[in-house]
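The values are calculated or read from the model by the stated rules, or taken from the named source; none is laboratory data. Here the structure is a predicted model, which means the values were calculated and not measured. Cβ: placed from backbone, ideal geometry, glycine included. Neighbour counts: every protein chain shown.
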Amino acid sequence: MELKYGEKAIAEARLEVWPNPTPERDYEIDISFPEFTCLCPRSGYPDFATIRIKYIPDKFIIELKSLKLYLNSFRNTYISHEEVTNRIYSELYETLKPRFLEVIGDFNPRGNVKTIVRVSSYQQIKTV
């Protein structure tokens, strides 16, 4: 069966960047993706979440269509809430190298349990 054009675009998804139009200024970009889905690695049940991305760019900003396709690529992936949030953080951090980055996975309740996973570059700073 041939993939539909949307499925093909998702399968080929790669994060893309654009030059930051004002790299001399600190400003915050806040992105919300309320239709995130992945699959529980234990049960196979679908997990639904809002992924929130907040960052202060340096040299690059994320191209939004590539981000949408990238996030949709997790739809059929068996992955925990913690792993997927950390993977999104790591791949965005490596791609953008921002001044600050925070990724929040706000997962819908399942079995009366709600999970919010927050990964932030503030958390990467170690205190002595």
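May I ask you to list pairs of residues, at least six apart or on different chains, whose Cβ atoms are under 7 Å apart, with the first in the range 40-62 being in contact (Cβ under 8 Å) with a residue 12 or more places away in the chain and more than 24 Å from ARG75 (Cα to Cα) and the second being in a loop (DSSP other than H, G, I, E, B) and acidic (Asp, Glu)?
Matching pairs, first to second residue: ILE56/ASP26; ILE56/GLU28.
Can you tell me which of (1) crowded, with 16+ Cβ neighbours inside 10 Å; (2) more than 11 Å from the chain's Cα centre (by Cα); (3) within 25 Å of ARG110 (Cα to Cα) is the one ARG75 doesn't meet?
Checking ARG75 against (1) crowded, with 16+ Cβ neighbours inside 10 Å; (2) more than 11 Å from the chain's Cα centre (by Cα); (3) within 25 Å of ARG110 (Cα to Cα), the one that fails is (1).
From ARG52, ARG42, grab the single residue that is more than 19 Å from the chain's Cα centre (by Cα) and either closer than 26 Å to GLY111 by Cα or part of a strand (DSSP E or B) (or both).
From the options ARG52, ARG42, the qualifying one is ARG42.
Name every residue in the range 45-85 that is of a type in the set (Gly, Ala, Ser) and touching a strand residue (DSSP E or B) at 6+ places or on another chain (Cβ under 7 Å), in order of residue number. Step through it out loud before you land on a result.
From the range 45-85, those of a type in the set (Gly, Ala, Ser) are 49, 66, 73, 80; that's our starting set.
Residue satisfying the conditions is ALA49 alone.
When only residues in the range 37-58 that are basic (Lys, Arg) and out of contact with any Leu (no Cβ under 9 Å at 6 or more places or on another chain) count, which is modelled with the lowest pLDDT?
Step by step, filter the range 37-58, then rank; the result is ARG42.
Residues to consider are LYS4, LYS8, LYS59, LYS68; find the one that is under 13 Å from the mean Cα position of the chain (by Cα) and either surrounded by fewer than 18 Cβ atoms within 10 Å (Cβ to Cβ) or under 21 Å from SER121 (Cβ atoms) (or both).
Result: LYS68 is the single residue among LYS4, LYS8, LYS59, LYS68 that is under 13 Å from the mean Cα position of the chain (by Cα) and either surrounded by fewer than 18 Cβ atoms within 10 Å (Cβ to Cβ) or under 21 Å from SER121 (Cβ atoms) (or both).
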